[in-house]
Structures are given as C-alpha cells and as structure tokens.
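Take a look at the structure below.
No value in this document is a laboratory result; all are computed from the given coordinates. What you see is a predicted model; the values in this text were computed from it and never measured. Positions of Cβ are generated from backbone atoms using ideal geometry, with glycine treated the same way; all protein chains shown enter the neighbour counts.
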Amino acid sequence: MNTQDNIIIQNYSNGSYKNPQSNAWIDNYEPASGKVYGKIANSNAQDIQEATAFAKAAFTTWSTTTIDERSRILLKIADGIENRLQELAEAESRDNGKPVSLAKNVDIPRAASNFRFFGHAITQFASESHESVGLQAINFTLRKPIGVVGCISPWNLPLYLFTWKIAPAIAAGNCVIAKPSEVTPMTAFLLGEICTEAGLPPGVLNIMHGLGTTTGQAILEHPEIKAISFTGGTKTGEHIARTCAPKFKKLSLELGGKNPNIIFTDCDYDLMLNTTIRSSFANQGQICLCGSRIFVERPLYEKFKKDFITRVKGLTVAHPASAKAKLGALVSKSHLEKVQSYIAQAPEEGGIILCGGNQVIVEGYENGYYLEPTVIEVQSNSCKLNQEEIFGPVVTIMPFDTEEDVLSYANDVTYGLSATLWTKDIDRTMRMSNTLQAGIVWVNTWMMRDLRTPFGGVKASGVGREGGFEALRFCTEPKNVCIKYT
Ligand code: TXE
C-alpha cells in the first residue's frame, strides 16, 4: 500500500510531468484520517495556455493517425491500468475514502473498460450517407474530430469518470486538456505514466491539476478548447453553461440526481432488498445514480422498513483499507458537514431518523470523515430531504398507494437522471418506463451498465448523452458533403 506522506501531484503535459508555472500548490487530504498527505499543482491560465498549445500541435498528427493505431494505443492503456490494479485501487481508496475492495472491483476495472470499449468502438464508428434519389446527388457525412476538448471530472468515481470522458475524445482523434477533481487527483496523476508507457504521443492527453475556480475556469475560458465534457454538481454545471454559451462551445453536462427507487409488492423481495442496500449506500451514497428516494407500496411498507433497517444497521463503517468496510469515509470534511446538515434539518420537516445519523469515530483515525448509513422516514415528497441532492449515505423512505401517486412523486423533482423500478408486471413496467422523467430506467436491477447505451439525464441532471456512439458523436463535428453527378 502506498503510505508515502508527501506525494507531489504534478501536471502531465506534452508527455512529461511538470510543476505549475506559478509554483502554487493545494493540500491533498486523506479522508480516512483527515491528514494532509501531499500537494497538488494549482494550475493557472498560463499552464492551460501552454498545455493547449501542446495539444493543438499534437492534433495535426493524432487526428490523421489511423483508426487501427489509435485503437491499439487505447487497448494498451487499458492493459496498463489492469496491470496496476492493486496500486491504483489503493491510491483511489486513499484519496477518496472508498473501500479498497470497491475501488478494486468497480472503479479501476471500469477505467480499463472505458479505454478498451472506446478502443473497439472507434473501429465500428460509421457515418451516414443519403442518396438524393431523382436528383442525381449523393450526400455523405464526415465526422471530424473537434480539435482540443476539455474534460472536467468529479471526486466520487475519480478514475472511472475521468477516463469515461478522455477515452472517447482521444479515440475520435481529439487532443485533450483534462482536469480531475482537486479533491481526488491521485489516480489521474498515475494515468499519465500509463499513457506514456502505452505509447500515447506527447500532447494528445494533458492532465492539468488544480481548483475548479482557477484551473477549471481557465479551461472554460480558453478560446482554443472547443468542447467541454463535464461531470459534477448542478450549480457548477449552470456556471459552465453560462460561461461557455457565448463562446459557442459544445457542451456535455452530466450533473446531479435525486433518483427514485420504486418498490411494488410483486417484486422479487430478496433481490430488491440486497440491491437496495447497494443502490442506497455504495460508495458512501456518493454516486449520482444512487436511489436516494425510496418509495414502497403500502402493503409492503412496514415489512420493508423493518428488514431494511436491520440490514442497514449491519453495514460496517471502517477504515477503507479494512476488509470489513462496507462503507469507508466521505470524501472531505466540508462534504461530511454538508451531509450532516441535511440530517440535522430532518426533524424540522417531519423526518424521522430510523437509523444512523451520527458521525462514526474509527479507532486510530479519529479525524476521519466517517458517517453512519442513515435512513429517514419522510411525510411528503416535497420536503428538502426529497428535493435536494444530499450525495451521502442518507436515504429517505415513504409509502405510496397507487401507480399514479408514485409517478407523481418520482417526477416531482428538478432532477431526472435515473429511476429504479421493482415489479414483475410487464404492463406497469412499460407504462412507467414511458412516463418516468429520467435518462435511465432500471427495472429489477441497479447500475447495470452496458457501455454501448446512452448515459445521461434530463432536467437539472444535465444536457447530452455519454456512452457508446453518443460519446463519439459528441466528440466529432458532422460535416455534410453533397456531390452532384450527371
Ligand atoms: O462538485 P463540483 P463539488 C454534486 C453533489 C455534491 C455537489 C458539489 O451533490 O455535493 O455536486 O460537489 C470542477 N469551472 N456532485 O462542489 O464543484 C471541480 O474542480 C470549471 C454530483 O465537489 O461540481 C471538479 O473537477 N470547473 C456529481 C468538478 O468541477 C469547475 C459528482 C466537479 O466539482 C469549476 C460530484 C469552475 N468554475 C458532485 N468549479 C455527479 N454528477 O456525479 C468547479 N469545477
């Protein structure tokens, strides 16, 4: 395990590691202990300017590199990630607070899959042609890479989401300026080395660290960065949209969620209960897809409440490196405080804390950011607990009587990312899938991902779709060529 206590996170630009020009640094915290364990470059507009110039210079060659060669390099990056699975999982866990087991089974394998998937997808990416019958003309569409693309990612699934943006962008022939969250920069830092070893030409991927308001802002404002792919909070998404709209940048925004988990009496009860534990508390509830509003059909409500609470009380909160840990630490002190403030407000709006609610003191790591998994019974869907994204190990439960009622609760929220439905009734499944306001509907499962499918949300959950050919379409500009013949 990487226990070094002064890890210096430099930028990776033009294929090598560099200090920020202003020599400005930010502290990097270990959530499990609350201690600073390193420093992160805080890059400014000059650093972004320099990296963008490298990216632009690399674009000429990279955009005309054969699909086979690009694919080969992406597959080698995937192998490089897999070869360092243990090291990357430990680094992710130390930086983010998530259990090592989760990073090892989910985050890091998925980062490898992202490169492998887009390494293959690009070989199958095709464009349309339209024959204008009777007019003696043929139209075809060229899909050209955009140029320099900015990728900005959050702290909850650090390498997983970082690579989810980078892989399609470079597969499509773009060069990238990528900024991981300043809260979790470690695995992005290690990715630079893996890319060099895989033979990615210098300048194709530039990994720039720093604060959102400094480094992120410089990326938004740089005139040569023509598209921004962002995952993060809805407020930040609004700011990005406002900043980029007058510059006519292409935008993909994957924002927050307040996802309903709807449970009907005819569900497969054991499967539902096991999955609901995961969809509520995986990654300490810090996944935009978590089902944070649980609605249960009234005849099943009391049984579910009792069984769910028993199971939640059995979840062990521990140091993320411990094999016992089902939940590790939350990502930061400020985030822990934000989540706690929602729990503290619950009684004011009639919420009853059924279990959890307290900070957990882990022996030897008394300053770590640990919180009990928390279940709150709410009286109405209009309360703040059901309307605002808490993004922690906190779920609400509430009974419902009819399909119409639960549909109105599910949709009565500003977000629209995902919804989960537990029922064996195919007619109800189809009716509800058609009317739920969400980008993704899972039926009798949760977070089952096929990377070919469109991923993203409606309403305040974002604009645009990632995944499969949708991502490759976002990363390219279509150009219509119309040839008239005689
Ligand atoms: O995310 P931010 P925060 C939600 C969750 C959480 C809230 C705030 O509810 O409590 O958002 O989290 C960069 N220009 N999600 O504040 O700030 C920032 O550096 C350019 C949901 O930590 O949105 C980081 O790299 N970039 C979400 C990235 O944006 C800027 C996952 C995300 O950070 C910037 C995380 C600026 N002006 C939080 N300001 C999800 N959808 O999964 C910040 N950034």
In nanometres, what is the gap between the two model label sites at residue 4 and residue 384, each 7 Å from Cα along Cα-to-Cβ? 4.3 nm
Between residue 278 and residue 127, with labels modelled 7 Å along Cα→Cβ, what's the label distance in nm to one decimal, could you check? 4.0 nm
PRE zone check, label point 7 Å out along Cα-to-Cβ of residue 477, amide N under 20 Å, scope region 220-239, hits 220-230
Stretched out fully, how many nm does the piece from residue 45 to residue 444 gain, at 0.36 nm a residue minus the Cα gap? 138.9 nm
What is the fewest-to-most order of 39, 384, 258, 235 by other Cβ atoms lying within 10 Å of their Cβ? 235, 384, 39, 258
FRET E, pair residue 17, residue 458, Förster distance 35 Å, beta-carbon r, rounded to 0.05: 0.30
Compare the Cα positions of 277, 320, 176 along the charge dipole of the chain (+1 at Cβ of Lys, Arg; -1 at Cβ of Asp, Glu; about the Cα centre) and return the one farthest towards the positive end. 176
Under a point spin-label approximation (7 Å from Cα along Cα-to-Cβ), what is the residue 433-residue 321 distance to one decimal in nm? 4.5 nm
Counting only DSSP beta bridges with both residues in the chain, what percent are antiparallel, rounded to the nearest 5? 45 percent
Sorted largest first, extent of region 1-95 alpha carbons per principal axis (Å): 48, 34, 16
For the chain, just list the percent of Cα-Cα distances falling in each 10 Å bin from zero outward, please. 4, 20, 29, 25, 15, 6, 1, 0, 0
List, in order, the whole-Hz ³J(HN,Hα) value for each residue of region 143-156 obtained from phi through the Karplus relation with A = 6.51, B = -1.76, C = 1.60 and θ = phi - 60°; use x for Gly and Pro. 10, 9, x, 6, x, 9, 10, x, 10, 10, 10, x, 9, 6
Compactness check, region 68-110: C-alpha Rg relative to the 2.2 N^0.38 Å globular estimate gives 1.30
Burial-style ranking of 281-290, 128-137, 215-224, average other-beta-carbon count within 10 Å with highest first, yields 281-290, 215-224, 128-137
Per residue, how big is the convex hull around the C-alpha atoms of region 164-259? Give it to me in cubic angstrom, could you? 116 Å³
Mind sorting 209, 120 by how few other Cβ atoms lie within 10 Å of their own Cβ, fewest first? 120, 209
Length gained if residue 306 through residue 57 is fully extended, taking 0.36 nm per residue and subtracting the Cα-Cα distance, is 83.5 nm
Take every DSSP beta bridge with both residues inside region 5-111 and express the antiparallel ones as a percent of the total, to the nearest 5. 75 percent
Please compute the alpha carbon radius of gyration of region 387-471, then divide it by the globular-protein estimate 2.2 N^0.38 Å. Two decimals is fine. 1.15
Figure the gain on full extension for residue 298 and residue 345 (residue separation times 0.36 nm, minus the Cα-Cα span) and round it to one decimal in nm. 14.3 nm
Efficiency of FRET between residue 367 and residue 136 - r from beta-carbon atoms, R0 60 angstrom, step 0.05: 0.20
Given a Förster distance of 56 Å, the FRET efficiency implied by the Cβ-Cβ spacing of residue 355 and residue 247, rounded to the nearest 0.05, works out to 0.70
Neighbour-count order for 326, 165, fewest beta carbons within 10 angstrom listed first: 326, 165
With DSSP loop assignment and no more than 12 other C-beta atoms within 10 Å, the chymotrypsin sites (Phe, Trp or Tyr not before Pro) in region 384-486 are 485
Spin-label zone in region 31-64 - amide nitrogen under 18 Å from a point set 7 Å from the Cα of residue 144 along the C-beta vector: 56-64
Are there GluC sites (Glu not before Pro) in region 355-406 that DSSP marks as loop and that have at most 13 other Cβ atoms within 10 Å, and which are they? 363
Quick one: give the max-minus-min coordinate of the C-alpha atoms of region 316-459 along each principal axis, largest first, in Å. 53, 40, 27
